[in-house]
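Written out below as structure tokens is the structure these notes cover.
Any read-out appearing in this document is the output of simple, stated calculations on the displayed coordinates, not a laboratory observation. No experiment lies behind these values; they were computed from the predicted model shown. In this analysis, Cβ positions are derived from the backbone assuming ideal geometry, glycine residues included, and neighbour counts consider all displayed protein chains.
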Amino acid sequence: MISTELKTQIQGAYSRFLEAKSLKPRYGQRLMIAEVAKVLGDIDTDEEGRRSGDPAVVAVWAGTGTGKTVAYAIASIPTAKAAGKRLVIATATVALQEQIVYKDLPDLMRNSGLNFTFALAKGRGRYMCLSKLDALLQESDATNATAQLFEEEGFKIEVDEASQKLFTSMLQKLAGNKWDGDRDSWPQELADQDWARLTTDHSQCTNRHCPNFQQCAFYKAREGMGKVDVIVTNHDMVLADLALGGGAVLPDPRDTLYVFDEGHHLPDKAIGHFAHYTRLKSTADWLEQTAKNLAKLLAQHPLPGDLGKLIEQVPELAREIKGHQQFMFGACEQLADFRAGEDMQGRERPRHRFVGGVIPEHIREMGIELKKGFARLDDLFTRLTELLKEGMDGEVNIGIASHQAEEWYPLFGSLLARAHGNWEL
């Protein structure tokens with residue numbers, strides 16, 4: 001049950017806010033404050049931080065003009081602080097995130113008497129990777145030759161004159177503390193194709209092994225998040241963090257209270273994050289291209305030891321899986337014409353639902369063989385990336401220099417991510 005002291009604090013904050021803004025209390029807003037505070041303030045947990053009571057969930061629908069942000073913020077911020085937890089406010093749109101961070105929360109702090117700190121949390125893809133910027137500006141023949149093999153994975157080293165000018169300007173502004181590496185704070189709009197070459201994801205990031213870790217824009221922003229009471233982010237960020245086990249990017253769920261604004265978007269977002277899918281045709285093409293690329297890589301760099309032995313196993317295995325993938329594609333074609341994409345009228349591509357959710361035995365058997373193959377491929381790429389990490393430290397001789405291991409890690413990390421996604425399916 002919510003304590004009398006906490007109830008008084010929330011009521012006082014609401015009264016001060018209304019008085020400072022010369023506003024009158026709204027029935028719907030008061031009701032929402034009371035309900036949110038009651039549910040969040042009544043959470044019981046065990047010694048390990050796991051909820052021990054009833055599900056602490058409240059769904060609120062309120063019309064335009066209710067003042068929803070003020071209502072849930074006034075109720076949840078004191079409640080989270082009293083419980084020794086962090087508050088994560090997640091929205092579906094960038095516009096609402098910015099409104100909350102730059103308008104609503106500062107306004108609330110000025111006028112309610114509540115004392116709290118807050119920050120905006122963005123995904124890794126909104127931040128520039130300094131190692132990638134360095135690679136683009138300091139390209140070498142050896143780096144080019146390797147990266148060109150993986151161009152389909154998004155690695156493109158060649159830099160034209162316009163890009164060279166842009167990337168040089170970015171480096172200068174970073175060095176002069178005139179830019180923080182956040183895409184949204186760059187003074188001009190950035191083309192997606194330019195930004196894609198500058199950012200990374202968790203599968204390609206070398207983390208603390210990276211020589212630029214201390215200057216990393218993403219980790220600097222993440223470090224700042226560890227010191228605030230309220231984190232504003234989007235639904236995708238929360239779901240991505242939960243998919244990684246929780247606490248990977250955002251605070252540990254056991255130490256967090258969540259508010260999902262624009263909650264009607266959440267079901268579709270959740271399905272998108274936790275559903276698994278594969279593109280049979282393009283994955284078969286990817287397997288063949290991977291086999292060719294790694295065979296060429298071995299031709300360019302004769303590798304001794306475990307690194308070479310592991311890479312040598314990939315082409316044959318990739319082509320073996322490709323055969324199973326093609327059989328699966330043929331079986332699925334008998335169900336519907338999946339080759340048909342959206343037509344000029346925008347009609348959706350075909351879908352097939354198995355009756356009663358029962359998958360035919362022959363398709364199940366093909367799926368089992370594919371899973372076995374991708375499990376082996378996932379294991380090979382996992383061992384390769386772990387070996388490259390050891391090589392980056394320079395403590396273990398893996399047959400290539402530490403700087404080369406650093407260059408190769410994102411390449412093999414992207415291969416691992418795709419193999420792992422198919423294995424999970």
- prompt: Ranking GLU320, GLU19 by Cβ neighbours within 10 Å, fewest first, what do you get?
  reply: GLU19, GLU320
statement: Counted neighbours (other Cβ, 10 Å), sorted fewest up, put HIS301, HIS362, HIS324 in the order HIS362, HIS301, HIS324
query: Long-range amide H contacts for THR45: which residues qualify at under 5 Å (H placed 1.01 Å from N, peptide plane, sequence gap of 5 or more or a different chain)?
result: SER52
message: Would you report the distance distribution of C-alpha pairs in the chain as whole percents per 20 angstrom bin, up to the bin with the largest distance?
response: 21, 45, 30, 4
task: Could you please report the charge total around CYS205, scoring K, R as +1 and D, E as -1 over all other residues with beta-carbon less than 13 angstrom from its beta-carbon?
output: +3
Spatially proximal lysines relative to LYS24 (Cα-Cα < 24 Å; intrachain offsets below 8 disregarded): LYS7, LYS38, LYS68, LYS103
task: Rank PHE118, PHE374, PHE329 by mean-square fluctuation in a GNM of the chain with C-alpha springs under 10 angstrom and give only the top-ranked residue.
output: PHE329
message: Net charge around ARG50, counting only other residues with Cβ within less than 15 Å of its Cβ (Lys, Arg = +1; Asp, Glu = -1)?
response: -4
query: Counting only the backbone N, which residues of region 40-64 are under 20 Å from the spot 7 Å out from the Cα of ALA83 toward its beta-carbon?
result: 40-61
- request: Quickly estimate the mean residue ellipticity at 222 nm for the chain, helices only: each DSSP H run with n ≥ 4 gives -39500 (n - 2.57), and the total goes over all residues, rounded to 500.
  value: -17500 deg cm²/dmol
- line: To the nearest 0.05, the calculated FRET efficiency linking ALA299 and ARG364 through their beta-carbon distance, R0 being 41 Å, is 0.55
